[in-house]
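Here the structure comes first, spelled out in structure tokens, and everything after it is commentary.
The values are calculated or read from the model by the stated rules, or taken from the named source; none is laboratory data. All values derive from a computational prediction rather than experimental measurement. A quick note on method: Cβ atoms are made from the backbone with ideal geometry, for glycine too, and the neighbour counts reach across all protein chains shown.
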Amino acid sequence: MATEIKAPTFPESVAEGSVAAWHKKAGDSVERDELIVEIETDKVVLEVLAPEAGTLTEVLAEEGETVESEQVLGRIGEGKAKKTEAKADKKDDAKADKKDDAKAAKPAAGGGKQHEVKAPTFPESIQEGTVASWNKQVGEAVSRDEVLAEIETDKVVLEVVAPADGTISEIRAEAGSQVESEAVLAIFTEGAGGSVDTAADEAPAASADDAQGGRAESGQGRQRQESRQACCTLRQGGCGSAGRRGRAS
């Protein structure tokens with residue numbers, strides 16, 4: 001049974017793209033998750049991977065053709081890739097085991113609660129912004145209030161920060177994508193990135209003087225953290241210049 005190769009789901013601001021290059025031709029065997037074709041838009045170049053191992057039996061959209069979101073580009077059929085399928089199945093099983101272990105570990109660390117990471121609320125004079133950059137990638141551990149991404153408008157650059165310790169599990173608006181106020185940029189999962197806090201909690205007090213100094217530093221740290229959380233709230237809420245790069249005072 002043939003498997004369809006489809007163009008990716010384009011961001012809302014991208015209407016169509018063009019087939020930039022095919023890395024395989026009809027009759028070539030392919031492995032699962034191998035790069036087959038690239039789709040170029042006016043903002044980004046998107047890679048299309050093989051959904052299954054097999055043989056590329058049909059190319060429906062030639063290089064240079066314009067395609068829409070989720071359009072069928074070609075088909076993969078069963079054929080010459082039996083050996084590669086066996087290798088791919090072993091790799092998939094190993095990956096699945098690792099993913100299961102990771103999923104089992106996450107709830108123990110932080111409960112695995114998911115959050116939507118949204119763009120800030122833009123001022124009334126700003127209709128939309130552009131995802132300037134992602135400072136963290138999918139699966140990378142981050143700490144609470146750490147900058148995840150930057151949204152650039154024609155007036156200011158707004159920072160989007162982590163709602164908790166954890167990881168980005170999915171990025172929905174790639175760098176270069178245009179987004180509206182409060183658009184969902186990514187999905188964030190709690191449960192990682194808290195090792196710094198744990199190490200700080202476990203640090204012993206060497207003496208009574210050190211304990212007093214530690215309490216003073218702890219109080220200052222709480223003040224800095226509360227100030228930082230307040231700043232984060234302003235940035236997420238789009239209030240004035242609090243979200244500008246450099247946190248202009």
Residue identified as at pLDDT below 90 and surrounded by 19 or more Cβ atoms within 10 Å (Cβ to Cβ) among ALA81, ALA86, ALA15
ALA81
Per the list (1) closer than 30 Å to GLU4 by Cβ; (2) at pLDDT below 85; (3) not acidic (Asp, Glu), residue check on PRO107 breaks on (1)
